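Here the structure comes first, spelled out in structure tokens, and everything after it is commentary.
The values are calculated or read from the model by the stated rules, or taken from the named source; none is laboratory data. Because the structure is predicted, anything quoted here is derived from the model rather than measured. Cβ atoms come from the backbone with ideal geometry, glycine included; neighbour counts cover every protein chain shown. Protein only, heavy atoms only, side chains kept; ligands, DNA and RNA dropped before computing areas. Shrake-Rupley method; radii C 1.70, N 1.55, O 1.52, S 1.80 Å.
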Amino acid sequence: MGKLRHIAFISAEPKKLSDFYQRYFGFEECKVFRSGSRMVIDPLFNLAFLQSRGDQAGPVVGTHRADGAEVERQSGIHHYGFLVDDLNDAVAKLPASLNRGASPQVSAGVGGPEGARPAEMRFVDPWGNNVDLSARGFLGREEKKLPGVRLLAVQVPDLAAACEFYQQQFDLKLVGWTDDGTVRLSDGTVTLLLTKSQVRPKSGVQYFGIQVNDLAGVRKSLGDGGVEIREGTHGEIRFADPEGNQVVVSQGGWMN
């Protein structure tokens, strides 16, 4: 089974995002790249804040730019990643028609331990989403604690086809669906929500969710820090982080 363990953001100020998630959710900063990119863990799940880079990143080479930077420069959620048992087996299951490429082990032109990335391979799913694969893991410790990232919502035009694709590729289990047409798949810990709804200008990944032990305490902490909070459905709260990424917070989670 593949395990959803990584979300990456293009960021204008990675340190600001890293500090935000450390302050309000207790996440741990686990890697800082020379480019300014940063990673935090919860410690099961990895959030990567990738420094947006301009022309100095070089021409496009495969799925990245010459110095390892992402092709995309606009801030926002960019891609997600699965931890797999065996990289070769996972790649062999992918349809031959999908665009794919090796993930460069370099950041801002720096290779070796300083530039090495957890991701080993990148493919683009049938709906244009960038997906990373890694058998090494995404620097998390597979230690389940709360607060923790437990939801990723992805907009797709064909729910049935996307559901079949992600079940087949990663052996995710169907855990629920709603009357508005959303489908929930799970790796046993993290839920992948497939939806036709679009809440950001771009298609693909729309938002992610953090499960907490004390929703009232998190609400107060965010409010005291000047973060604007919106009440969501099913006892959830929603907010936008310092770069506008949409986040939902729940005490009950998304497995039921």
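Need the failing condition index for Ala96 against (1) modelled with pLDDT of 95 or more; (2) exposed (fewer than 15 other Cβ atoms within 10 Å of the Cβ), just the number.
All conditions are met except number (1).
Which residues, counting only those in the stretch 143-169, are closer than 30 Å to Gln22 by Cα, modelled with pLDDT of 95 or more, not in a loop (DSSP other than H, G, I, E, B) and not basic (Lys, Arg)?
Hits for the stretch 143-169 are Gly148, Val149, Leu151, Leu152, Ala153, Val154.
Taking Leu44, is it in contact with a Lys or Arg (Cβ under 9 Å, 6 or more places away or on another chain), in contact (Cβ under 8 Å) with a residue 60 or more places away in the chain and not polar (S, T, N, Q)? Don't jump to the end; show me each part of the working.
Values: in contact with a Lys or Arg (Cβ under 9 Å, 6 or more places away or on another chain): yes; in contact (Cβ under 8 Å) with a residue 60 or more places away in the chain: yes; not polar (S, T, N, Q): yes.
The answer is yes for Leu44.
Considering only residues that are more than 17 Å from the chain's Cα centre (by Cα) and open to solvent by 30 Å² or more (accessible area, probe 1.4 Å), look in the stretch 147-159 and name the one that is nearest to Gly54 (Cα to Cα). Steps first, answer last, please.
Residues of the stretch 147-159 that are more than 17 Å from the chain's Cα centre (by Cα), as a first pass: 157-159.
Now narrow it down to the ones that are open to solvent by 30 Å² or more (accessible area, probe 1.4 Å): 157-158.
On the way: Pro157: 31, Asp158: 34 Å.
That would be Pro157.
Just to be sure, is Tyr21 open to solvent by less than 20 Å² (accessible area, probe 1.4 Å), hydroxyl-bearing (Ser, Thr, Tyr), within 26 Å of Leu172 (Cα to Cα) and within 17 Å of the chain's Cα centre (by Cα)? Spell out the reasoning first.
Details: open to solvent by less than 20 Å² (accessible area, probe 1.4 Å): yes; hydroxyl-bearing (Ser, Thr, Tyr): yes; within 26 Å of Leu172 (Cα to Cα): no; within 17 Å of the chain's Cα centre (by Cα): yes.
For Tyr21, the condition - open to solvent by less than 20 Å² (accessible area, probe 1.4 Å), hydroxyl-bearing (Ser, Thr, Tyr), within 26 Å of Leu172 (Cα to Cα) and within 17 Å of the chain's Cα centre (by Cα) - is not met.
For the stretch 117-129, which positions are among the hydrophobic types (A, V, I, L, M, F, W, C), crowded, with 18+ Cβ neighbours inside 10 Å and part of a loop (DSSP other than H, G, I, E, B)? Outline the logic, then answer.
We begin by selecting, within the stretch 117-129, every residue among the hydrophobic types (A, V, I, L, M, F, W, C); these are 119, 121, 123-124, 127.
Imposing the further condition that a residue be crowded, with 18+ Cβ neighbours inside 10 Å reduces the set to 119, 121, 123.
Of everything in the stretch 117-129, just one residue is among the hydrophobic types (A, V, I, L, M, F, W, C), crowded, with 18+ Cβ neighbours inside 10 Å and part of a loop (DSSP other than H, G, I, E, B), namely Ala119.
Only residues that are in a loop (DSSP other than H, G, I, E, B) and open to solvent by less than 40 Å² (accessible area, probe 1.4 Å): list them for the stretch 233-242, please. It would help to see each step written out before you state the result.
Taking the stretch 233-242 and keeping what is in a loop (DSSP other than H, G, I, E, B), we get 233-236, 241-242.
Once the filter is applied, which keeps residues that are in a loop (DSSP other than H, G, I, E, B) and open to solvent by less than 40 Å² (accessible area, probe 1.4 Å), the stretch 233-242 yields Glu236, Asp241.
Which residue, of Arg65, Arg34, is open to solvent by 60 Å² or more (accessible area, probe 1.4 Å), of a type outside the set (A, V, I, L, M) and at pLDDT below 95? Full working, then the answer.
Values: Arg65 fails: open to solvent by 60 Å² or more (accessible area, probe 1.4 Å).
Just one listed residue meets the conditions, Arg34.
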